[in-house]
Structure formats: structure tokens, C-alpha cells
Amino acid sequence: MRRVRLLLARHLWLQLILSVLAASALIMLLFPGRSAVSVVVRTAVTSVGAVVVVLVQRRKERRAAGGSADDVVELDAKLRKGEIPSAPDERRAMRGLVARRLHRMRHRVAALIGLAALFTTVTLLMVFTGTVRQAVGFAVLTVVFVGWNIHRGNVWHRRLRAMEAALSDGSGQDAGRPTPPARAL
């Protein structure tokens, strides 16, 4: 599984192709009768926005880590395993990556609530206007997708906080960030 994850992390185009094919298969399952080519083309065209977002995120993470895309992939693998880098340059790069990802996750609760509301609304619309197959399909998709996003978001947030704590030195200061003043109770 690790080799597959590294392969997909290094080759963004492969992730795109697999995502478009999986989404196309799901669309053809929920809305039968459409040609496979038209579904794949429509899915690929509507995925352009997502590709742009991913590319921008990758560029920002690469800039935060101060290295190449392969360096970010290696740091990500270490972050997944909980390995704390020992080399000072690697520690600095990991701090930058962790800070960037924590910054990106700062509104995750509100985003998850919005995602759940959006998916629930679409599911209810399918219940009232679609077929039984579509309503059941969207209900399952809503529960699985939103539940998976909540779970993975919590796992990543814990990983990032643990790595942030591990990378800070013993004095309570992170390199480059002063410790906030203590508040009076």
C-alpha cells in the first residue's frame, strides 16, 4: 500500500486519471443510459477546477517545505509514519510543511459542516425528484464520503499536532515562532 501511495503522490496525473475513471463509473451507475465516452469527457472537464486547486496546493507546500515535489512526498511519508526528521534542514522543511497544512486546516470544522449540508441537500433532492436507485446511491455516498472526511480530517489533525509538538525544541519555542505570552487567569 505504501508503494501505491508513493506512486500516486509522485505522479499527480495518475491520480487525476484514476479519479476521473472512478467518478465516471459512479455516475454511470447512478445515471444509466448515458454513453461512457460522454460521461468520461464531462467528468474530466468538470474536474479541471479540482486539478487547479491541487496544483496550487502542491506548489504552496513545496514552497513551505523549501524543496522539490519529491522532497514533499518524502516528508509526507515521514509524517504518515510519525518519523521525526533528524537533519536540521529536514526538520525545518517538516516544520514548514506542518505549519502550512495546519494553516490550511484551520476552518476544517466549518468546511465539514458545509460539506455535510451540501451532500444532505443533494440527497434530499434525489429522494424527492430522482429514482430509488439515485436516492439510495446518494444517501450511501453522503454517509460514506462525509464520514470518511471527518475521520481522515481528525487523523491528520492529530498527526500534524503531534509532529508540531515533536519538532518544537525543549524550551517551548518553535524555530522562528516565539512562544505566546502566558495569559492571566
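What a 1.4 Å probe finds exposed on the chain is 66% carbon and sulfur by accessible area, rounded to a whole percent.
In Å², and per residue, what accessible area does the stretch 1-125 have when probed at 1.4 Å with the other protein chains present?
Numbers: 7990 Å² over 125 residues.
For the stretch 1-125, the per-residue accessible area is 64 Å².
When the Cα convex hull of the stretch 41-106 is projected onto planes of every orientation, the mean area is 5.3 nm².
Between the stretch 9-23 and the stretch 85-124, the alpha-carbon centres lie 21 Å apart. Look at the alpha carbon pairs under 8 Å that are at least 6 residues apart: their mean separation over the length of the stretch 1-100 gives a relative contact order of 24 percent.
Among the listed options [x] 1.74; [y] 1.12; [z] 1.06, the one matching Rg/Rh (Cα atoms, Kirkwood Rh) as calculated from these coordinates is [z].
About the Cα centre of the chain, how large is the charge dipole given +1 on each Lys and Arg Cβ and -1 on each Asp and Glu Cβ? Please answer in debye to the nearest 20. Walk me through the intermediate numbers first.
Numbers: 29 positive and 11 negative charges, 20 e Å.
It comes to approximately 100 debye.
Quick one: angle between helix 88-104 and the longest Cα principal axis of the chain, in degrees between 0 and 90, rounded to 10, please. Here the helix axis deviates by roughly 40 degrees. Working from Cα pairs under 8 Å separated by at least six residues, relative contact order for the chain is 19 percent.
With the Cα gyration tensor of the stretch 14-71 giving a ≥ b ≥ c as the square roots of its eigenvalues, does the rule (a/c under 1.5 for rounded; else a/b larger than b/c for prolate; else oblate) give rounded, prolate or oblate?
Numbers: a/c = 4.26, a/b = 3.28, b/c = 1.30.
Judged from the Cα gyration tensor, the stretch 14-71 comes out prolate (a/c at least 1.5, a/b above b/c).
The values are calculated or read from the model by the stated rules, or taken from the named source; none is laboratory data. For clarity, every value in this text was computed on a predicted model and none was experimentally measured. Neighbour counts are summed over all protein chains in view; Cβ atoms, including those assigned to glycine, are modelled from backbone coordinates with ideal geometry. These area figures cover heavy atoms from the full protein model, side chains too; ligands, DNA and RNA do not enter into them. Shrake-Rupley method; radii C 1.70, N 1.55, O 1.52, S 1.80 Å.
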